[in-house]
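Everything below concerns the one structure shown next.
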Number of protein chains: 2
Amino acid sequence: MKISELATKSQINAKTIRYYEQVGLLSAPQRASNGYRHYQPGDVDTLIFIRRCRELNIPLDDIKRLVEVQADPNASCAVVDKIIAEQLAQVQRAQRELALLEQSLQTLASCSAEQVEKCSILHKLKAREEAEK
Amino acid sequence: MKISELATKSQINAKTIRYYEQVGLLSAPQRASNGYRHYQPGDVDTLIFIRRCRELNIPLDDIKRLVEVQADPNASCAVVDKIIAEQLAQVQRAQRELALLEQSLQTLASCSAEQVEKCSILHKLKAREEAEK
DNA sequence: TATTGACCTTCCAGTCGCTGTAACCTTTAG
DNA sequence: CTAAAGGTTACAGCGACTGGAAGGTCAATA
């Protein structure tokens, strides 16, 4: 199949598919005599797998390792485990950071003053400076 | 003061300070005869304000507007209000997304198999594909 | 005085994961 | 015959820095 069919079936932009090939995440497919990329049915599964991983925010480099590890049936599962565990840890870190961020933004509340001189938000942002000194 | 002193006092990397000047967030300072940047004490406050905003994840373009609005005492406070509200909304959106992400990653659990053929994580990642079809 | 090392300058490239654009070629339909 | 749709490559841009190269300047020490 051609790239646009693969794009439709995998739900990944054709441009993105070429990009994945470029960065070595996807192996280069056969080419037709006109230079068009020609994909196999199995490529759909690979790309769907990749998309699933991306939806879990797993970095391309890690996905690459997950794909490689699947090609080698004797490879240890520890690699997979580590990647997922790290990803989970990172998501949890990000969650904690966002929670703090939300709190900080909440304390700024909203301001209904008409002139910035009286703007409570700006005053609080500046007060943070003072508090820090 | 020279850039490294400003960097120390504001807790912002000298390289980042030059970058802020380049993108127009910080106005270009005077230059000494040797070409070195020469900053005023007030620049420390400006940079601390910028850093505080960055810690709240506010984009540079928005911070630029916050800085500009402060220079104009007649400007409306609505701009400030809008920027903070949008930032808060975005943080809350990100939080909801991360919560879903965490759930998905949790369902993959950890795998203690030795061979990828039996790897429960990979099987679950693939099962997601099947479920979708 | 020579030199070392710290600090300053500019400019260019890389990060991450795409996405937009330009310029061109091929295929298909009307 | 022509136009639209789809394929190709290569390069640039996003955001917010960061690293490195190549060079100029300055203060302190041997």
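The values are calculated or read from the model by the stated rules, or taken from the named source; none is laboratory data. Predicted, not measured: the structure shown is a model, and the values here were computed from it. No Cβ is skipped: glycine too gets one built from the backbone with ideal geometry, and neighbour counts run over all protein chains shown. These accessible areas exclude ligands, DNA and RNA; they are computed on the full protein's heavy atoms, side chains included. Shrake-Rupley method; radii C 1.70, N 1.55, O 1.52, S 1.80 Å.
What number comes out for the charge environment of B:ALA94, summing +1 per Lys or Arg and -1 per Asp or Glu over other residues with Cβ under 14 Å away? It would help to have the intermediate numbers written out before the result.
Details: positive: A:ARG93, A:ARG96, B:ARG93, B:ARG96; negative: A:GLU97, A:GLU102, B:GLU86, B:GLU97, B:GLU102.
Net charge around B:ALA94: -1.
Which order do you get for B:ASP45, B:ASP61 if you rank them by accessible area with a 1.4 Å probe, largest at the top?
Descending accessible area places them as B:ASP61, B:ASP45.
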Report task. Taking only Cα atoms and a 10 Å spring cutoff, compute GNM fluctuations for chain A and point out the largest among A:LEU60, A:LEU98, A:LEU47. Result -> A:LEU98
Query - Neighbour net charge for A:PRO29 - beta-carbon separation under 13 angstrom, K R +1, D E -1 - result: +1
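What size of dipole, in debye to the nearest 20, comes out for the protein assembly as shown about its Cα centre when the only charges are +1 on Lys and Arg C-beta atoms and -1 on Asp and Glu C-beta atoms?
Values: 38 positive and 36 negative charges, 96 e Å.
Charge dipole of the protein assembly as shown: 460 debye, to the nearest 20.
With the contact rule set at Cα under 8 Å and sequence spacing of 6 or more, what percent relative contact order holds for chain A? It would help to have the intermediate numbers written out before the result.
Details: 76 pairs, mean separation 20.2, N = 133.
This gives 15 percent for chain A.
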**Report entry** Solvent-accessible area per residue, Å², over the protein assembly as shown with all protein chains present [probe radius 1.4 Å]
**Finding:** 57
Query raised in the report: Using a 1.4 angstrom probe on protein heavy atoms only, which residues from the stretch B:53-99 are buried by at least 40 Å² of accessible area when all chains are present rather than their own chain alone?
Result: B:LEU56, B:GLN70, B:PRO73, B:CYS77, B:VAL80, B:ASP81, B:ILE84, B:LEU88, B:VAL91, B:GLN95, B:LEU98
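Quick one: which of A:LYS15/A:LYS82; B:LYS15/B:LYS82; A:LYS126/B:LYS64; A:LYS124/B:LYS2 span more than 20 angstrom between C-alpha atoms?
Flagged as over cut-off: A:LYS15/A:LYS82; B:LYS15/B:LYS82; A:LYS124/B:LYS2.
Please state the shape class of chain A: rounded when a/c is under 1.5, otherwise prolate if a/b exceeds b/c and oblate if not, all from the C-alpha gyration tensor. Mind showing how you got there, number by number?
Working: a/c = 4.29, a/b = 2.18, b/c = 1.97.
Prolate is the answer for chain A, as a/c is 1.5 or above and a/b outweighs b/c.
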Report summary line: With every protein chain in place, the accessible area of A:VAL69 for a 1.4 Å probe, in Å² rounded to the nearest 10, comes to 20
Report task. Take chain A, connect every pair of alpha-carbon atoms lying under 10 Å apart with a spring to form a Gaussian network, then pick out the residue of A:GLN87, A:GLN115, A:GLN22 with the largest mean-square fluctuation. Result -> A:GLN115
Query raised in the report: How far apart are the A:LYS82 label points across copies, placing each 7 Å from Cα toward Cβ, in nm, shortest first?
Result: 4.9
Requested in this report: Mind checking which of B:GLY24, B:PRO41, B:ILE84 is farthest towards the positive end of the protein assembly as shown's charge dipole, using Cβ charges of +1 (Lys, Arg) and -1 (Asp, Glu) about the Cα centre?
Outcome: B:GLY24
Requested in this report: Please calculate the 1.4 Å probe accessible area of A:GLU68, with all protein chains present, and give it to the nearest 10 Å².
Outcome: 110
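What does the helix-only formula give at 222 nm for chain B: each DSSP H stretch with n ≥ 4 adding -39500 (n - 2.57), the total divided by the residues, and the result rounded to the nearest 500 deg cm²/dmol? Write out the running numbers ahead of the final one.
Working: 6 runs with 88 residues, N = 133.
Roughly -21500 deg cm²/dmol at 222 nm, from the helical runs in chain B.
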Query - Across the identical copies, how the B:LYS15 labels are spaced - nm, sorted shortest first, 7 Å along Cα→Cβ - result: 3.0
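What is the magnitude of the charge dipole of chain A about its Cα centre, with +1 placed on the Cβ of each Lys and Arg, -1 on the Cβ of each Asp and Glu, and no other charges, expressed in debye to the nearest 20? Don't jump to the answer; show the numbers that get you there.
Details: 19 positive and 18 negative charges, 72 e Å.
Result for chain A is approximately 340 debye, rounded to the nearest 20.
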Query - Estimated buried accessible area (total), pair A and B, 1.4 Å, Å² to nearest 100 - result: 4700
Report summary line: Note, A:LYS2: beta-carbon cut-off 15 Å, +1 each Lys/Arg, -1 each Asp/Glu, net +2
